[in-house]
Structures are given as structure tokens and as C-alpha cells.
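This report refers to the structure that appears directly beneath it.
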Amino acid sequence: MPQMEFADYFPQIAWSIFAFATLYFLMARLALPRITDILESRQRRLDQDLELAEKLRDEATVALAEYESLMAAAHAKTEIILSEARETLQRETVQRLDALKGQLENKVAESERRIRNIMAQAVDEVVVAAGVSARSGVKKFIGLEVSEEQARAAVDVVRKS
Amino acid sequence: MAAEHSPLEQFAIKRLVELDIGGVDVSFTNSSLMMVIAVASITLFLMVGARRHAMVPGRWQSMVELAYELVAKSVRDNIGIEGRPYFAFVFSLFMFLLFCNVLGLIPYSFTVTSHIIVTFVFAGAIFIGVTVLGFVRHGLKFFGFFLPPGVPIYLAPLLVPIEFISYLSRPISLSVRLAANMMAGHTMLKVFAGFVVALGLMGVAPLIFIVLLFALETLIAFLQAYVFAVLTCLYINDAIHLHH
């Protein structure tokens, strides 16, 4: 069994130590610092990117809040303007309606007065005509001359009864 | 079966260059060659993979980062923030064992980690290092490690020897686990490869088996390197934090 050849032990021990010492030196001085550097720079870059992303997200959050508050203010303002316009409109409508109503009432009152006048005039004329016809009737039937006042009084009596 | 066709022949150490320093045999062997290739491959793999600072890594860079993160996570999870100084060691250990295991799977190559002496060099170094670390950080209190907290004192004569033996057996279990896994796997592959040749046309059956076995061995090559690294983390953690 070659593993038990004691004469071969010394070269193997010596070369194991030599080879491993060389490897350790190469790793510790050359390879590992380089790999560590690569990994660390990547980690740094990742951290930076993450930091940047977080900052941008915060900024976006702030901007969104700002936008929302602006929108809310605008909404409130719109509401005020709208309600003002509504009120103005209502007020104006009421005013115009009132004015129209007054005009109409005036016109109605005027018309009524005129109707009353016309009616009164008509009544007067009827009364005069009645007086005239009464006088001529009386004269024809009994030959008696009746004065205008008497005839009028007689008509009034008849009219009011 | 002739000696050169033994399934164990693949583990033979061959001296490529005879070397002798101060009476100690330090010949450059096929094992040494594989170690050098492993070290060179690891360095190449990492340096090429990490040559560009790509924000979004390509395939190669992803593999490099994956290896790094795997070990980093093991160290972090098992030792915590105090494990930072040992990261380079655990990483080198993991990569070295992984590459030795995987390169050993290439036919006609040599599996460094199939030799118990190599794995024992690492396990022993870790054992000594961890023990020294424990004493440096805790002084004589480190002996308290052998008496788990909350244990009645009259159980101490029983538990302390058990804990002590279990502590001493760490480097053995650590090294044997890896070497035995590698050796068994490669021996099995070689044995079944022999069947393929011996059975002729019927050799298709062991060939299919070899393909499946090879997949399993690849998994084991990775897993054993990982287990070795994680256990190293656990031992370091024990030395730093004593009990939990």
C-alpha cells in the first residue's frame, strides 16, 4: 500500500507545507482582497441605488401629498364659486320675479280700475237713458212733464230696490 | 493480478526530481506536481474570474464569488464575526483540498489527498493551531473545555477522559475521513475499470456503473473538501468560544 511507504512521507510533508504556504500567501495577498473588493463595491453600489430609490420614493410621496392638498384646495374653491353663483342666480331670479309680479299687479289694478270706470260710466248712461225714457213714458201716458231730477230719483229708487 | 495493475498502483509516489535538503528527502514527486498544479489552477481560476469588476458577474466570476461566499458563509455561521482573521486560511484550505480532490479524478492524474500523511499534515496543523489558539485566548481556562457546562461534578472523572480522547481524536478523524474517502473512491473506480476491460462486450455494465460512480465521486470530492473546511471552522469556534 503506497500510503504506508514511510520513506515517501518526508517529501509529501515538505511539499504539502510548501504548496499550502504558497497558496495561502497568494490567497491572502492577491486573490481574496480582489474578490472582497468586487463584492464590497457591488454592495456599496447596491446600497447607493437603494438609498437613491428610497429618496426618490420619499420625494414622490411628498409630491403626491402636495398634489393632493392642491387638489383639495381647488375643490373647495370650486365649491365656493359654485355656491356663490347659485346664490346670485337665485337672488336675481327672485328679484326679477318680484318685479314682474309688481308690474303684473299694477297692470291688473289698472285694468280693474278701467273696467270699473267703464262699468260706472255705463251705469250712468243707463241711468240717464232710463231717466229719459221714464220722462218720455210718463209724458206719453199721463201727459205730465217730469223734471230730469225727479226722473233720476225715481230711476235710483227702482235701481236700488 | 500483476503488481502494475493493482488498483492501488495509482497511489504510488514517483520521484520526478530527487532533492535533498540537509539530509531530508524533499524530492519533487508526482504528488508535489499535483500540488503545484492545484495551487496554480486555484490562483488562475480566481485571478481570471476576478480580473474584471463586473457589476453583473459572468459565469466565471459567479463561480469565483460562489466559492468565496460559500466559505465566507461557513466562517460567519460557525465562528461569527471573530472568524474574520481565519477566513483566508479556511478559504485556502477549502480550495486546496477541493482542487486536489477534483484534479485527482482526471484519469492518469494523482490524488494528493488520498494519502493519509498529506491530510494529516493539515489536520495536525489545525489541531495544534486550534489548541494554541485556545490557550492564547483562554489560558488555563481552556482545560474547562473538557468538562461540559451543567454536568454534575461527580461525573467529571468519567467525562473528562472521554472529552479529552474525543479532542485528541479530532486530527485523526479529520485526516482519515478525507484520505479514506478519496482512496476508497479511486480504488473502486480502478477496480470497475478493470472489469470493463476484463469482461469485453459485457463490460458495458461496469462502464455505466463507472459513469454513475464518477458522478458520485465528484460529489464526494466537493463534499469532503467542504466537510473538512466546516469542521475546521467548528474547531476554531470551539477554541474561541469554548462552550455554547
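The values are calculated or read from the model by the stated rules, or taken from the named source; none is laboratory data. Owing to the predicted nature of the structure, the values given are computational and were not obtained by experimental measurement. Virtual Cβ from ideal backbone geometry, glycine too; neighbours counted across all protein chains shown. Only protein heavy atoms, including side chains, enter the accessible area calculation; ligands, DNA and RNA are left aside. Shrake-Rupley method; radii C 1.70, N 1.55, O 1.52, S 1.80 Å.
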Over the protein assembly as shown, what number does the Rg to Rh ratio reach, with both radii from the alpha-carbon atoms and Rh per Kirkwood?
-> 1.88
Using only Cα atoms, locate the centre of the stretch B:179-244 and the centre of the stretch A:1-56, then give the distance between them in Å, rounded to an integer.
-> 24
Computed [θ] at 222 nm, deg cm²/dmol, chain A (DSSP H ≥ 4; -39,500 (n - 2.57); rounded to nearest 500) = -33000 deg cm²/dmol
Report the accessible area of B:H186, computed with a 1.4 Å probe over the heavy atoms of all protein chains in place, in Å² rounded to the nearest 10.
-> 10
Charge-dipole axis of chain A as Lys and Arg at +1 and Asp and Glu at -1 on Cβ define it, positive-most pick from A:L70, A:P11, A:V158 = A:V158
Looking only at aspartates and glutamates whose Cα falls under 17 Å of B:K190's and that sit 8 or more positions away or on another chain, we get B:E4, B:E9, B:E217
If the cut-off is a Cα-Cα distance under 20 Å, which aspartates and glutamates reach A:K107, setting aside same-chain residues fewer than 8 apart in sequence?
-> A:D98
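Helix by helix through chain B, keep the DSSP H runs that span 30 Å or more along the axis on Cα and average at least 0.5 on Kyte-Doolittle, and give those back in order.
B:116-138, B:170-199, B:204-241
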What's the angle, to the nearest 10 degrees (0 to 90), between helix A:9-26's Cα axis and the longest principal axis of chain A?
-> 30
Add +1 for every Lys or Arg and -1 for every Asp or Glu among the other residues with Cβ under 14 Å from the Cβ of B:G104, and state the total.
-> 0
What size of dipole, in debye to the nearest 20, comes out for the protein assembly as shown about its Cα centre when the only charges are +1 on Lys and Arg C-beta atoms and -1 on Asp and Glu C-beta atoms?
-> 900
Do any of A:K101/A:K160; A:K140/A:K160; B:K14/B:K73 go past 32 Å between their Cα atoms, and which?
-> A:K101/A:K160; B:K14/B:K73
Report, in deg cm²/dmol and to the nearest 500, the calculated mean residue ellipticity at 222 nm for chain B, where each DSSP H run with n ≥ 4 adds -39500 (n - 2.57) and the sum is divided by the residue count.
-> -23000 deg cm²/dmol
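So how strong a dipole does the stretch B:62-200 carry about its Cα centre when Lys and Arg Cβ are +1 and Asp and Glu Cβ are -1, to the nearest 20 debye?
It comes to approximately 140 debye.
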Å² of accessible area per residue within the stretch B:3-241, as computed with a 1.4 Å probe and no ligands counted = 50
Determine the order of B:L19, B:L8 by accessible area, beginning with the largest, at a probe radius of 1.4 Å.
-> B:L19, B:L8
Loop GluC sites (Glu not before Pro), the stretch B:1-64, which have at most 15 other Cβ atoms in a 10 Å radius of their Cβ (DSSP) | B:E18
With charges set only on the Cβ (+1 for Lys and Arg, -1 for Asp and Glu), what does the dipole of chain A come to about its Cα centre, in debye to the nearest 20?
-> 1540
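Find the sum over both chains of the accessible area lost when A and B are paired, probe 1.4 Å, and report it in Å² to the nearest 100. Please list the in-between numbers first.
On the way: alone 14810 and 14250 Å², together 25350 Å².
Approximately 3700 Å² gets buried when A meets B.
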In whole angstrom, how far apart do the alpha carbon centroids of the stretch A:101-124 and the stretch B:136-153 sit?
-> 129
Taking +1 at the Cβ of each Lys and Arg and -1 at the Cβ of each Asp and Glu, which of A:A134, A:A53, A:I80 sits farthest along the dipole of the stretch A:30-160 towards its positive end, judged by Cα position relative to the Cα centre?
-> A:A134
C-alpha long axis of helix A:148-160 to longest principal axis of chain A, angle in ° = 50
Residues other than B:S27 with Cβ under 14 Å of its Cβ, Lys/Arg counted +1 and Asp/Glu -1, net out at -3
